[in-house]
Amino acid sequence: MNTTINNTHTSLKAELRIINKAAWVILAVALLLWFGLGLPAMIHTLPPHEQAGTEGVLLSVIGVFMGIIISVWILLTFYVNADAGRRHMSRLMWTLLVIFVPYAIGFIVYYVVRRPIPQLCPNCGGVIQADFLFCPACRHELKTRCPECQRHVETGWVNCAFCGRKLA
Ligand SMILES: [Zn+2]
Ligand SMILES: [Zn+2]
């Protein structure tokens, strides 16, 4: 039977899709407030002759940099909130860690210790592991067999690793 198991390694595009839609709204509002009010107000505290001078330019550059940090911080927070859920980890604890532990250390710790995404049987939806050949719940065959030697082969193999038969 030809059954492909969803890979644990997903693309960046697929990863971004798990981020809650609300995150993009909050991000837009935060950037609007920062570039529309916060940063202009900071530049306004400079003496008038400096606002268009070196200090004004420097403050603008720092402002753009801050905007990038704010964006990444908001998106990482929402990403961890969603990602922890599908890995059966505490969403609340990891979200708070990413928000409050500075210099992205919370996120780095999360990234290192996060559990693999559990894979599901395409037949019954039961939890399976990557090296399972059959679903322990419904006995569904999870891997393809070589037509020559009948041993289980991995998806993506061009030739059978056991008897050398061409598979693709
Ligand atoms: Zn099953
Ligand atoms: Zn074979």
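Brief remarks follow.
- Compactness index (Cα Rg / 2.2 N^0.38 Å), the range 12-117: 1.34
- In plain terms, the chain is cut at each of the GluC sites (Glu not before Pro) found in a DSSP loop with at most 16 other Cβ atoms within 10 Å, and the longest leftover piece is 1-147.
- Value of [θ]222 nm, deg cm²/dmol, for the chain, DSSP H segments ≥ 4, -39500 (n - 2.57) each, nearest 500: -15000 deg cm²/dmol
- Here the Karplus relation 6.51 cos²θ - 1.76 cosθ + 1.60, evaluated at θ = phi - 60°, turns the backbone of the range 132-146 into coupling constants of 6, 9, 10, 6, x, 8, 10, 6, 5, 6, 9, 10, 6, 10, 5 Hz, with x for every Gly and Pro.
- Interchain or long-range residues, amide H under 5 Å from His140's placed H: Cys135
- Projecting the Cα atoms of His44, Ala82, Gly67 onto the charge dipole of the chain (Cβ charges, centred on the Cα centre) puts Ala82 farthest toward the positive pole.
- Accessible surface area normalised per residue over the chain is 68 Å², counting heavy atoms of protein chains with a 1.4 Å rolling probe.
- Proximal lysines relative to Lys13, as straight alpha-carbon distance under 16 Å, when same-chain residues fewer than 8 apart are discounted: Lys21
- Using θ = phi - 60° and Karplus 6.51 cos²θ - 1.76 cosθ + 1.60, couplings along the range 72-78 (whole Hz; Gly, Pro as x): 4, 4, 5, 5, 4, 4, 5
The values are calculated or read from the model by the stated rules, or taken from the named source; none is laboratory data. What you see is a predicted model, and the numbers here were worked out from it, not measured in a lab. Note: ideal-geometry Cβ built from the backbone for every residue, glycine included; neighbour counts use all protein chains shown. SASA here: full protein model, heavy atoms, side chains in, ligands and nucleic acids out. Shrake-Rupley method; radii C 1.70, N 1.55, O 1.52, S 1.80 Å.
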